[in-house]
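Asks: Dropping the structure in here first, questions after.
The values are calculated or read from the model by the stated rules, or taken from the named source; none is laboratory data. Computed from a prediction, not measured in an experiment: that's the story for all the values here. Note that we place each Cβ from the backbone using ideal geometry, even for glycine, and neighbour counts take in every protein chain shown.
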Amino acid sequence: MAVADLPGPHSLLRRTLGEWRIGLVAWRLLVLQTADPAVAAGMATFSTYRAHPWRRVEHTMDSGKRLFFSDREGLHREIARLERTHRRLAGTDEQGRPFTALDPAVRVWVLVTLYECMTAMRELSGRPLAPSELDQMYGEFRAVCSEFGLSDDLFPATAADVPAYMDRTIRERLEYSEPVRYLLFDMLREAPAPRRLRLLKPAWPLVRTVAAHVIGALTVADLPEAFRERFGLPRTRRAALLSFILHRGMRVLINALPEHRRYRTPLTGIPSTAQPPTASTDHPSVPEASPVRLPAPRRRKGADSRPARVRTFFHQVLDQTGDGRISSADLQAMAHNVCWPLELAPEREAPVYAAFETWWQQLRTGMDVDEDGKVTCEEFVTAMLTGIDSGPAYLEQGLHVAVRAVFHAVDTDGSGHLCADEYRTIFGGSRVHPAELNHGFRQLDNDGDGRITEEEFVQAFTDYFTARSDSTAGSQLLGRP
């Protein structure tokens, strides 16, 4: 059987998916995908979307670029990475039903909703695709999907069959679960300020309230009629008017832009040789930035500063799912966030997950008093400080195992040291300002050569948890107190 050509730079699929206005239907896409019970269960159990929504969105967008804007080599690499990640997302939902992210029907639903949202974007803008264009784009879309190895019988046979597939799935399988409700009405109201909008941070509570109202109303108005009817989500006149103005206004704006300004992703795609930054043999300089302090509780002079730092670590680093407790899922998410931007091969990815599982087993054994598989912040702080005071072996048997695995994963060229860019790869996140990352790097780079060795890296984590004052370099691992 002949292998279909992948969509090229001038394909209808890339031109549609690459436009900036695809963002208008992005939340609609997330809601439709999350309404599948297996996706909702996976999000509720494993996802970091509550605690780190912007990072989660960035990962989703990056994955879409790699799937639909790569050559065949890059596409296969991304599919393999997704399968390794999804293989770990399995369990039982709150109703006792087993779920797995590798369910072929679920994977097809997630893919087809992307195609359907592209066609919806054009229809909502007042310029729907003609039947011949729908056939063309669906053919290009299926050429990419064929690389997943999923059965053709699970996909709608033609573009004309997609509406019936959507309607049937909505009525027979989808559910209005808590993650769906949260996406529609609460997520944006609680989201921290994105790093790129840090200048708006003082006004962020107001900005996000307005944004949440607009995006929520727009999403409800744009959802398929069958979805709104089944789950009782009325399309108000104001919401319909908002949708009309935004979609048609954005169409006019995009069409007025020069060709090269219309697209958020270059139509030429992503080179298959693209790799994340690695350490250089030169001594890179650390960018200068204005000092910005992270808020910290007031402490008496000379008081033990460890409890406050351990709590900060719990909330900023460990509690990936944002529910106030840590479990195996949180440690898996931490391993995922190390491996994801590095595009690690399976043999280099596996030790990272194994190391974090080792650390979790130590935490669970010593902290999970009620044996419910979760550890609260106070349980973590109390047990961590008790273990540290008992001797150095406590950190060596858990935290250090994970830290060394992270170091070796990020040290992609095996140089034995990390440069500033690699340090930011580990600690970059929506809750930590870049200036604090630069400050932390300078504190750990004792000899000022722009590099951190493995032992310096491990010692920094040791100091963070053991130093009784904030004057020790490692105590400022996540920024100044």
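Asks: Tally up the residues in the range 129-180 that are of a type in the set (Phe, Trp, Tyr), surrounded by fewer than 20 Cβ atoms within 10 Å (Cβ to Cβ) and part of a helix (DSSP H, G or I), please.
Replies: Taking the range 129-180 as the starting set, the residues that turn out to be of a type in the set (Phe, Trp, Tyr) are 138, 141, 148, 155, 165, 176.
With surrounded by fewer than 20 Cβ atoms within 10 Å (Cβ to Cβ) added as a condition, the list becomes 148, 165, 176.
Next, from what is left, pick out any that are part of a helix (DSSP H, G or I): 148, 165.
Of the residues in the range 129-180, 2 are of a type in the set (Phe, Trp, Tyr), surrounded by fewer than 20 Cβ atoms within 10 Å (Cβ to Cβ) and part of a helix (DSSP H, G or I).
Asks: Do we find a residue being part of a helix (DSSP H, G or I) and farther than 17 Å from residue 18 by Cα anywhere in the range 62-72? Show your work before the answer.
Replies: Applying the first criterion (part of a helix (DSSP H, G or I)) to the range 62-72 yields 62-68, 72.
Checking which are farther than 17 Å from residue 18 by Cα leaves us with 72.
Yes, the range 62-72 has at least one match.
A quick yes/no check of all residues on (1) of a type outside the set (Lys, Arg); (2) in the same structural domain as residue 333 (by TED's automatic domain parsing); (3) under 30 Å from residue 240 (Cα atoms); (4) surrounded by 20 or more Cβ atoms within 10 Å (Cβ to Cβ):
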| position | (1), (2), (3), (4) |
| --- | --- |
| 37 | yes, no, yes, no |
| 51 | yes, no, no, yes |
| 88 | no, no, no, no |
| 94 | yes, no, no, no |
| 97 | no, no, no, no |
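Asks: Okay, moving on. Among (1) within 22 Å of the chain's Cα centre (by Cα); (2) surrounded by fewer than 15 Cβ atoms within 10 Å (Cβ to Cβ), there is one condition residue 74 misses while meeting the rest; what is its number?
Replies: (2)
Asks: So, one more: In the set 24, 6, which member is more than 19 Å from residue 101 (Cα to Cα), surrounded by fewer than 23 Cβ atoms within 10 Å (Cβ to Cβ) and hydrophobic (A, V, I, L, M, F, W, C)?
Replies: Of the residues listed, the single one that is more than 19 Å from residue 101 (Cα to Cα), surrounded by fewer than 23 Cβ atoms within 10 Å (Cβ to Cβ) and hydrophobic (A, V, I, L, M, F, W, C) is 6.
Asks: Consider only pairs whose beta carbons are under 7 Å apart and that are at least six residues apart or on different chains; among these, list those whose first residue lies in the range 117-144 and is modelled with pLDDT of 95 or more and whose second residue is of a type in the set (Gly, Ala, Ser).
Replies: Sorted first by the residue in the range 117-144, then by its partner, the pairs are 124/243; 134/159; 135/159; 138/159; 140/11; 143/4.
Asks: Hey, another quick one. From (1) within 20 Å of residue 41 (Cα to Cα); (2) outside any helix (DSSP H, G or I), pick out the condition that doesn't hold for residue 106.
Replies: (2)
Asks: Being surrounded by fewer than 17 Cβ atoms within 10 Å (Cβ to Cβ) and among the small types (Gly, Ala, Ser) is the filter; apply it to the range 343-365 and report the residue that is nearest to residue 403 (Cα to Cα).
Replies: Only one residue tops the list, namely 354.
Asks: Can you tell me which residue among 237, 264, 248 is farther than 21 Å from residue 188 by Cα, surrounded by 13 or more Cβ atoms within 10 Å (Cβ to Cβ), out of contact with any helix residue (DSSP H, G or I) (no Cβ under 8 Å at 6 or more places or on another chain) and not hydrophobic (A, V, I, L, M, F, W, C)?
Replies: Numbers: 237 fails: surrounded by 13 or more Cβ atoms within 10 Å (Cβ to Cβ); 264 fails: out of contact with any helix residue (DSSP H, G or I) (no Cβ under 8 Å at 6 or more places or on another chain).
Among 237, 264, 248, only 248 is farther than 21 Å from residue 188 by Cα, surrounded by 13 or more Cβ atoms within 10 Å (Cβ to Cβ), out of contact with any helix residue (DSSP H, G or I) (no Cβ under 8 Å at 6 or more places or on another chain) and not hydrophobic (A, V, I, L, M, F, W, C).
Residues are listed down the side, and each one gets a yes or a no for (1) touching a Leu at 6+ places or on another chain (Cβ under 6 Å); (2) within 19 Å of residue 180 (Cα to Cα); (3) at pLDDT 95 or above; (4) assigned to a helix (DSSP H, G or I):
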| position | (1), (2), (3), (4) |
| --- | --- |
| 213 | no, yes, no, yes |
| 220 | yes, yes, yes, yes |
| 244 | no, no, yes, yes |
| 247 | yes, no, yes, yes |
